[in-house]
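Okay, structure first, notes after.
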Amino acid sequence: MPRLSYRRALTRALGDELARDEAVFLLGEDVQVGASLVTTGLAKRFGTERVRDTPLSEQAFTSFATGAALAGLRPVIEFQIPSLLFLVFEQIVNHAHKFPLMTGGQCRVPVTYLVPGSGSRTGWAGQHSDHPYSLFAHVGVVTVVPATPADAYGLLVTAIRHDDPVVVFAPAGAMDVRDDVDDLVPVPLGRGRIHRFGDDVTVVAIGHLVHDAIAVAEELADQVSVEVFDPRTLYPFDIDGLTESVTRTGRLVVLDDGNRACGMAAEIIASVVERVRLLAPPRRVTRPDGAVLPFAPALDRAVQPGRDQLATAIHLTMKDGS
Amino acid sequence: MPRLSYRRALTRALGDELARDEAVFLLGEDVQVGASLVTTGLAKRFGTERVRDTPLSEQAFTSFATGAALAGLRPVIEFQIPSLLFLVFEQIVNHAHKFPLMTGGQCRVPVTYLVPGSGSRTGWAGQHSDHPYSLFAHVGVVTVVPATPADAYGLLVTAIRHDDPVVVFAPAGAMDVRDDVDDLVPVPLGRGRIHRFGDDVTVVAIGHLVHDAIAVAEELADQVSVEVFDPRTLYPFDIDGLTESVTRTGRLVVLDDGNRACGMAAEIIASVVERVRLLAPPRRVTRPDGAVLPFAPALDRAVQPGRDQLATAIHLTMKDGS
Amino acid sequence: MTDADPVRLYRTVRLIRRFEERAVELVHGGQIVGGIHPYLGQEGIAAGVCAALDADDVLAGTHRGHGHVLARGADPARMLAELCGRVTGLNAGRGGSMHAADLSIGVLGANAIVGASGAIITGAVWAHRRRGRDTVGVSFFGDGAVNEGMLLEAFNLAALWRVPVLFVCENNGYATTMPVAGAVAGSIAGRAAAFGIPAVGVDGQDPETVRVAACAAVDRMRAGGGPELIEARTYRFDVHHTFEHAVRLDDYRPPDEVTRGRARDPVRIQGERLTNTDRAAVDAEVEATLDAAVRFALSSPEPDPADALTYLYASGLTVRTGGG
Amino acid sequence: MTDADPVRLYRTVRLIRRFEERAVELVHGGQIVGGIHPYLGQEGIAAGVCAALDADDVLAGTHRGHGHVLARGADPARMLAELCGRVTGLNAGRGGSMHAADLSIGVLGANAIVGASGAIITGAVWAHRRRGRDTVGVSFFGDGAVNEGMLLEAFNLAALWRVPVLFVCENNGYATTMPVAGAVAGSIAGRAAAFGIPAVGVDGQDPETVRVAACAAVDRMRAGGGPELIEARTYRFDVHHTFEHAVRLDDYRPPDEVTRGRARDPVRIQGERLTNTDRAAVDAEVEATLDAAVRFALSSPEPDPADALTYLYASGLTVRTGGG
Ligand SMILES: Cc1ncc(C[n+]2csc(CCOP(=O)(O)OP(=O)(O)O)c2C)c(N)n1
Ligand SMILES: Cc1ncc(C[n+]2csc(CCOP(=O)(O)OP(=O)(O)O)c2C)c(N)n1
Ligand SMILES: [Mg+2]
Ligand SMILES: [Mg+2]
C-alpha cells in the first residue's frame, strides 16, 4: 500500500488523464518546469504541445480553453494563485458556464480549472491567500475541494471527465498531506464522505480543515462524540448525505475557510435548517466577513478558522441543546 | 410633495453630490449622453472633465478610479451591465477592497460602483441579466440594493460619501417605481426598513422584490399577517433589525433575486437561526442554483422568484409552524 | 482564392438588409422582446468575409451579430424564430439576438460581451487544427472592442501560437455614442502591429472589396500563416440599439455625417453589379424567404416555462429550483 | 533635467543590493516568512528612474518591488520591519514584501498582481493633477506584464487622457520561467507604439543611462507631454522567488546566459564612477544603515492577533469575526 502525497496525487491524476484521453491538454504559467510542483514531469512525458506554457494572459488563455472545449478538447488550466480566478471570473462565469444554456444545448464546455495552493500559504499576504470557492458555488460552477490524497486524485480525474466546467481547489494546507492509498479511482461529484462517525454533533469541514476537524474530534472524544462530514464537492452539494448525518446527531457546526457572509457555511446551514429540526442552533466557524489576510504570520493565522474556535463551537452547541 | 421616479432619484443623488463636493466625479460608458437615462444632463451641468466618457476598458477605468480615490477623489463609476462586474472583479475585490488593510491603514478607497438596471431587463438574455450582489457581500464590499426612490437617493448619496468601496445595485425591476417623496436625505448604510408590519411571518425581500413582497402581503392580508423587511444594505446586514422582527413573528421567508447556493437568502437564514429559535423552518424563494437567464420572456420570468412562489412559501411556513 | 460571385454576394447583403428591417418591425410590434442591435449598413463586411470561408471554418460574432450568422448560412427562419424566443429557434429560444449560434455550421455565436470572442475562437481554431482539420477562424468585433484588454490578449495568443484567425474589426466610427477618436489612442491597425499581426484597412461598404481582402488573408493563413487583421471602415445606418427608437439620445452623430454615411450603401453598391433582372430575381427570392421566415417564427411555439433550465448543464446536472 | 550625482546613484543601487542580500539571509533564517522576489541585478532601473522624480511624484511597483520602494526613499529599517511582519513596518506588518507601500512619499505600493498597477497609477496622477499638483507617475512592471490586457488598457487610458505616466518595463528576459520570446508576440516597444506612446530601449544595467532617459521623459511629461515608455533591458541575478533556493526547478536559464547576465553588474558599473574612497565611504554607510535596519526590524514587536482586522475598512466598519 504505497504512501502518496496530496500533491503527487494531483500529478498522477493529470498524468493518467493525459495518457487516457488525447483530448486532454494542460495549460498555464510555468507548467512545463512545474513551478507549482504539481505538473512536474508532464511536459517531458506528453510534450510541450499538450503541456503548454502560457504568457501572462489569464483572460485570453481561459477563454482559449473555452474555445478548445467547444471544439471537442478537454483543457485543464492550472492557476498559480487563487485570486487569479477573480481576473478570469468573467471568462468562466459569463462564458464557459453559460454557453450550454445560451446556445440551447448545442455545446458543452468541459474545462477544469485547477488551483493548487488555495487559501493561505502563510506569508503570501492579501492578494495570494484567498479561498474563493463559495463564489463558484454561488454562480453554479461545479466546485470541488478535496481533503485527502485519494480524493484529490479521484475528484480531479472526475472533474476532467465531466462535461461542464469544474473548479478544483487544492488547499495549501492539504498539499503536503500523505496517506496510504490502495487504489486510485474516480470519485463521483456531489457525494460527501464521513471521515469519522459520531452521535452528538455533525461537523462539516471543507478541504484542509477536514484534518483539523478530525483532530479536534479526537481530542474531544471523551467529552463529545463528533461526526466529521466532508462534502468534497461544494457544488453540487451532497445535502442528502448531510441530512442523514444531521438527522442522527441533531447538531451542526460548519468549519469553512471562506469569508463568513454568503459563504458555504451559510449555505450548508440554510440547506439543513430547511429540512431538519436541530436540537441546538447551528454554528459556523469561518473567516471573518470581508476578510483580507494580513501578512504577519500571527495575523494570517488569526483570520483563518482554527481548532480552538471549532472546539469552542462544539462545546457551545452541546450546551445549547441540552 | 413631488412624485419622483427611482431613476430620477439616482440622477438627483449624483447631481447633488457632484455639486456638493468637488472631489466627486463620474465615469463610465456613454455617461455624457446618458445612455442609461440616469446620468442625463450631468455632463452639461458639471462639464465633461467631471462626467467622463470612457473607452471600453472596464478593467483600466475601474483601477483608474481606485488610483484617483487613493489620491483623494471620490469617483463614481456607472456600469452598463451587471455582468461587467465580473470583468472587473479582480480590480474591485483584489485591489480597491484590499488596499486599506494591505497598506496598514495608509489609505482609503472611496469608490462607488453604480449598476442601473441590475437583474433581468426581460429579453436581454444570459449575459445581461445577472443579479450578483451576493458575490460582493461574500467578499466584503459594501453592497446596497435600494427598493424605493427615497432609498435610492439616500443610499447613493451615502455610498458616495462612504470611505470604502460601495456597490450600488439599482434593479431593473425598480427603476420605474415612482413615489411621493417629501425630502431627500441620506440613508445610513446597514440599516433595514420595515415596509409593513405583521405578526405571523417576516418576509425579507431585496430590491425590486420588496414591492412584490408588499403586494403579496396585501393579497394575503385576510389569511396571514405578513411583515415586510427590506434590508436595503446587504453588507453590512442589519441583523439586529431583522432579529427584532423575527423574534416577534417567529417565522422567516426570504425573497432574493440571486442564485440559491451561497446567496443572500442563505446568509440571512443562517444569521437568523444562529440567534433566533423559529416556530417553523425558514424558507427561501430565489433564483435556482447556477441560474442563467434564458432569453424567451416566459423562461426569463420562470427563473426569477415570483409572487406565487412567495405566497406558497408563506402558506407552507404557516402550516409548518402549527 | 474563391472566385467572385456577384449574385451570391448580393443575395447575402440583401438578405441581411431585409432580415434586419423585418426584425426591427418585429421589435416595434413587440414580437421580439429586448430589442436588437441592427447590422444595417454593415452588411458588406459579414457577406464579404464569409464568402472567403470553407465548410470547416468557424466564426464568432458580436452583439451586433445577425449579419455574421446569416452570412455564414444559418437558416433565416430559425434565426428569426430565435429572435422571437421560439423553441424552433437556432438556440431553442434560449439565446436571442445577442447569442444566436449555430455550431453545426461553425458559428460559435453572437456574443453580448464586447471583446470576449477573440480568445474563444482562437482556442477553437487551435483545437480543430490539433484534431487534424484545416480550419481557419474569423473573429468579428467593433472599433470599441480594441480597447478591451481581453481582446488584445487574444491577439497575443493567436500571434504567438500562430493560430490562423482573421480578426475583423468593423469600424463604424462609434462604440455606442463614443467616437473612435475619443476611445482609441494610436490606431486600430497599430493594435495589430503591436503583436506582429499584419493588418489592412478596407472599404467595408464594398462587399467585393471585403471579399477580396478576406480571401487573400484566408489563403495566406491556410498556407500556414498566422493571424491577420482587417479593419473594415463602415457606418451603422441606424441606431446602436433599438431602444434608441423609443428613447432618443442626444445627437451624438452629426446629421450630415449620417447622411454621408448612409450614401455609401453596400446593398446598392453590390446590387449595381447585377443586371436589373438578376437583382429583381434575388430581391424576390429574399422577400419570399423572409416572408416564410416570419411566418415560421411567429407560428412556432414558445418554450415551456417548465423547461427553463433544460440546457443549464451539458452534463445533465439537475439543480434545486428557486421555489419556497 | 536633474544633474548627475554619481555618488547618490551609487548609494541607491548599493543600498538596494545589500538590502536584498540581507533580506535573502533573513528568508533563509526564517525571520522573513513567505519569501521574496529579489531585485538583485535590476537595481539600476529603480535607482535611475527614481533619481528623475520630484517630491510630488508617485510610483507603483511590482511583486519584485523592494528596489522601487527603497529608491524612492523609504526608510530601509521600516521596510525591513515590514518584510519581517512587524508593527513598525511601513504597512504595520500587514503587507509584507509584495505590498510594501509608503504613501507619504508617493509609493502606492508593490503589487502582487502582475500588470495591475498601471491603471491605478494613471488614476492617481490624473487626480493629483486635477487637484493642482504637477505630479508625474511611474509604473514599473516586468516583461511578463505586457501580456496582461489590464496593463494594455491602462496604456490606452493614459495615452488618451494624456496622463503623464512613465511606464517602465524591466525586461529581465523571463516571466518566472517563461522567456520573453515565448510570451511576447511583436515587441515590447511595439506595445507602446500601438497606443501612440513613445518608447525607448535602454541598458538597464547602467544606472546613469537609465537616469538620463528617465529625466528626459519626465521633462517632456512635465512640459505637458503624455505618457512614455522605457524598456530597460536587465537581468535578474538570482531566482524568481526565494522558494527556488529550497526547490530547484529545471534549468530554465542556460548557465552561460546567467554568467553573462551577472557580468554586467549595475552596482559595479556605477561604483566604478566613484573614487575608491567615496565608494568605500558609501559602502560603509550603507552597511551601517542596514545593520541598524536589521536590528530595528528584529527587535520590533509583532502585531497583536487581536488587531488582525484593524485596517480592514477605512470607514471603520467593524465586522463579525469567524468564531463559532
Ligand atoms: C465588455 C462590455 N462592455 C460594455 C458593453 C456594453 N456595450 C454593448 S455594445 C457597446 C458598444 C460597442 O461598440 P463597438 O465595439 O464599436 O461595436 P458597435 O456597437 O459599434 O457595432 C457597449 C459599450 C458590453 N456589452 N460589453
Ligand atoms: C496576474 C498575475 N498572473 C500571474 C502571477 C504569478 N506571477 C508572479 S510574478 C510572475 C512572473 C512575472 O514576470 P515579469 O512580469 O517578467 O516580472 P519579473 O518576475 O521577471 O520581475 C508570475 C507569473 C501574478 N502574480 N499575477
Ligand atoms: Mg463601433
Ligand atoms: Mg521578467
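Coordinate-derived values only; no laboratory data. Just so you know, these numbers come straight off a predicted model, no measurement behind them. All Cβ positions, glycine included, derive from the backbone under ideal geometry; neighbour counts span all protein chains shown.
Computed over chain C, the per-residue total of -39500 (n - 2.57) for DSSP H runs of n ≥ 4 gives a 222 nm mean residue ellipticity of -13000 deg cm²/dmol, rounded to 500. Closest approach to the axis carrying D onto C, counted by Cβ on chain D and given in whole Å with its residue, is D:149, 1.
Computed per residue of chain B from DSSP H runs no shorter than four, each worth -39500 (n - 2.57), the mean residue ellipticity at 222 nm is -10500 deg cm²/dmol.
Beta carbons within 10 angstrom, averaged per residue: use that to sort the peptides D:157-164, D:201-208, highest first. Write out the running numbers ahead of the final one.
On the way: D:157-164: 23.6, D:201-208: 22.1.
With the highest mean Cβ count within 10 Å placed first, the list reads D:157-164, D:201-208.
Could you sort C:235-245, D:109-119 so that the peptide with the highest average Cβ count within 10 Å comes first and the rest follow in order? Intermediate results must be reported in sequence, preceding the final value.
On the way: C:235-245: 19.0, D:109-119: 28.0.
So the order, starting with the most tightly packed, is D:109-119, C:235-245.
Taken over the Cα atoms of the protein assembly as shown, the convex hull encloses 155 Å³ per residue. How charged is the neighbourhood of residue B:289? Take every other residue with its Cβ under 12 Å from the Cβ of residue B:289, and add Lys/Arg as +1 and Asp/Glu as -1. Within the 12 Å Cβ shell, the charges total +3. When only alpha carbons of the stretch D:208-324 are considered, Rg and Dmax amount to 22.8, 66 Å. Between residue D:298 and residue C:223, the simple spin-label model (points 7 angstrom out along Cα→Cβ) gives 6.8 nm. With the simple model of a label 7 Å out from the Cα in the direction of the Cβ, residue C:216 to residue B:319 spans 7.4 nm.
Taking N as the residue count of chain D, its C-alpha radius of gyration divided by 2.2 N^0.38 Å amounts to 0.98. Based on the convex hull around the alpha carbon atoms, the stretch B:207-313 presents an average projected area of 7.0 nm². The angle between the Cα long axis of helix B:6-20 and the longest principal axis of the Cα atoms of chain B comes to about 40 degrees, rounded to the nearest 10.
Look at where the Cα atoms of the stretch D:62-128 and of the stretch A:155-209 average out, and the two centres are 39 Å apart. For a modelled paramagnetic label at residue A:298, 7 Å from Cα along Cα-to-Cβ, the residues of the stretch D:31-63 in reach, with backbone nitrogen under 16 Å, are D:31-33.
Here the Debye sum runs over all C-alpha atoms of the stretch B:3-180 as equal scatterers in vacuum, and log10 of I(q)/I(0) at q = 0.08, 0.09, 0.12 Å⁻¹ comes out as -0.21, -0.27, -0.49.
Other chains' Cβ within 10 Å of C:100-113 residues: what's the mean? Walk me through the intermediate numbers first.
Numbers: counts 4, 7, 2, 6, 1, 0, 1, 2, 8, 7, 1, 4, 11, 11.
Mean number of neighbouring Cβ atoms from other chains: 5.
Positive-end ranking of D:243, D:195, D:140 along the dipole of the stretch D:140-259, with charges on Cβ about the Cα centre, is headed by D:195. With the simple spin-label model, which puts each label point 7 Å out from Cα in the Cβ direction, the residue B:218 to residue C:287 separation comes to 5.2 nm.
The mean number of Cβ atoms from other chains found within 10 Å of a Cβ in peptide B:138-145 is 6, as a whole number. Rounded to the nearest 0.05, the FRET efficiency derived from the C-beta distance between residue D:260 and residue C:21 at R0 = 56 Å is 0.25. For the stretch D:152-184, backbone nitrogen atoms closer than 15 Å to the point 7 Å from residue D:200 Cα along Cα-to-C-beta are found at D:166-169.
By per-residue mean of other Cβ atoms within 10 Å, what is the highest-first order of C:31-43, A:283-295? Walk me through the intermediate numbers first.
On the way: C:31-43: 24.8, A:283-295: 28.2.
Sorting C:31-43, A:283-295 by mean packing, highest first, produces A:283-295, C:31-43.
Between the stretch D:281-299 and the stretch A:70-114, the C-alpha centres lie 51 angstrom from each other. Over chain B, all Cα pairs binned in 10 Å intervals from 0 give whole-percent P(r) values of 6, 27, 34, 22, 8, 1, 0, listed from short to long. Between helix B:264-275 and chain B there is an angle of about 60 degrees, using the helix long axis and the longest principal axis of the Cα atoms. The calculated FRET efficiency for residue B:20 paired with residue D:104, based on their beta-carbon distance and R0 = 25 Å, is about 0.30.
If a spin label sat at a point 7 angstrom from the Cα of residue B:182 along the line to its beta carbon, no backbone N atom of the stretch B:208-249 would be nearer than 12 Å. Full extension of the chain between residue C:244 and residue C:5 yields a length gain of 82.4 nm, computed as 0.36 nm times the residue separation minus the alpha carbon distance.
Of C:169, D:84, the sequence from fewest to most neighbouring Cβ atoms within 10 angstrom is D:84, C:169. Peptide C:26-32 is shielded by partner chain Cβ atoms: per residue, an average of 0 of them sit within 10 Å of its Cβ.
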